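Taken together, the values in this text are just the output of simple stated rules run on the coordinates, not laboratory data. In this text the structure is predicted, and so the values were computed from the model without any measurement. Cβ sites come from the backbone with ideal geometry, for glycine too, and all protein chains shown count toward neighbours.
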Ligand SMILES: O=C(O)[C@H]1O[C@H](OP(=O)(O)OP(=O)(O)OC[C@H]2O[C@@H](n3ccc(=O)[nH]c3=O)[C@H](O)[C@@H]2O)[C@H](O)[C@@H](O)[C@H]1O
């Protein structure tokens with residue numbers, strides 16, 4: 001059993017991860033700032049099961065507030081691995097509010113790295129994003145492709161900066177690091193701004209679906225429990241390896257075109273979608289497509305969930321949860 005700090009623990013991926021790590025027998029220290037990007041009540045709901053667990057503690061703090069705030073907020077007990085999921089998320093909004101993204105995702109990450117150095121914590125799993133590949137033409141995306149001029153949104157730039165910072169701390173202080181690029185994660189508790197959640201909501205309300213672009217863009221949608229399995233494997237890897245620095249894709253390796261996705265969402269809620277075509281959103285990439293062979297080799301990562309099953313699980317969750325809010 002190890003002690004794992006999960007930042008962004010009240011969020012969509014973080015809350016699932018905390019549950020998985022508890023099941024694996026670990027102690028979990030959760031941290032979240034309840035960023036108002038979406039409703040606090042949803043995040044509190046996400047944490048409900050964890051809060052009843054004896055090996056779980058939760059602390060509210062904001063990484064932007066600096067090292068002293070973290071020292072005050074977090075207990076002094078040993079932590080073996082930090083999983084850093086806390087971030088300002090969303091590609092489109094980052095174009096409108098770049099400073100907020102850099103403050104959270106770059107300055108906030110640096111405060112966390114400094115806190116880890118102060119506390120002598122030597123292992124970090126860092127959540128990066130498929131968006132760092134931008135419109136890289138070589139597909140599927142391999143982790144070793146050049147990303148010299150790739151980021152087309154402040155969100156992407158903030159995540160690639162995070163990867164660079166983890167390298168700096170690896171170089172300076174021997175921090176062991178696993179950077180994982182997530183690919184449009186979906187499933188129960190999905191952020192309300194993300195396409196699948198938004199589309200189900202609109203279909204249920206009888207509203208048309210805004211389609212950004214001509215519908216041919218594609219995403220390598222990854223079911224949240226597959227992503228979480230990859231993170232749990234990453235934690236196990238870090239616990240058994242020292243002085244490592246690796247970057248992996250945690251995708252699904254099966255891109256789905258936007259119009260195909262909308263059709264599948266329509267089938268999941270038994271409704272024929274009406275489409276409202278709109279211009280591409282600034283900062284959006286055309287296609288994401290993960291080569292997952294490195295994660296397979298390093299961690300035994302192998303996503304299991306089909307889009308149909310994953311959408312079904314999402315719709316079921318929405319049916320059970322939505323009336324709460
Ligand atoms: O993998 C990532 O690294 C990122 O994944 C996510 O970004 P995206 O892949 O852009 O997901 P998402 O918004 O669900 O849009 C999906 C598709 O629907 C289209 N889309 C969306 C909304 C809408 O109203 N209409 C529409 O056509 C839209 O144009 C797109 O084609 C996370 O936000 C981000 O935090 C980051 O982690």
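In table form, for the structure just shown:
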read-out	value
C-alpha long axis of helix 40-51 to longest principal axis of the chain, angle in °	60 degrees
Debye log10 I(q)/I(0) for region 138-274, one point scatterer per Cα, at q = 0.22 Å⁻¹	-1.42
Residue 142-residue 1 FRET efficiency (beta carbon distance; Förster radius 30 Å; 0.05 resolution)	0.30
Residue 272 versus residue 65: modelled label distance in nm, points set 7 Å from Cα along the beta carbon direction	5.4 nm
Beta bridges per DSSP with both ends in region 173-324, % antiparallel, nearest 5	15 percent
Helix 154-173 axis, angle to the chain major axis (alpha carbon atoms, nearest 10°)	20 degrees
Residues 181, 27, 40 arranged by fewest to most Cβ contacts within 10 Å	40, 27, 181
Relative pair counts by distance (%), Cα atoms of region 60-145, 10 Å bins	15, 40, 29, 14, 2
Neighbour-count order for 293, 176, 150, 129, fewest beta carbons within 10 angstrom listed first	293, 150, 176, 129
Exposure proxy ranking, count of Cβ atoms within 10 Å, fewest first, for 139, 55	55, 139
Net lengthening on full extension, residue 194/residue 173 (0.36 nm per residue, minus Cα-Cα)	3.9 nm
Residue 120-residue 53 FRET efficiency (beta carbon distance; Förster radius 30 Å; 0.05 resolution)	0.65
Radius of gyration and Dmax over the Cα atoms of the chain, both given in Å	18.8, 56
DSSP bridge orientation in the chain - percent antiparallel, rounded to nearest 5	5 percent
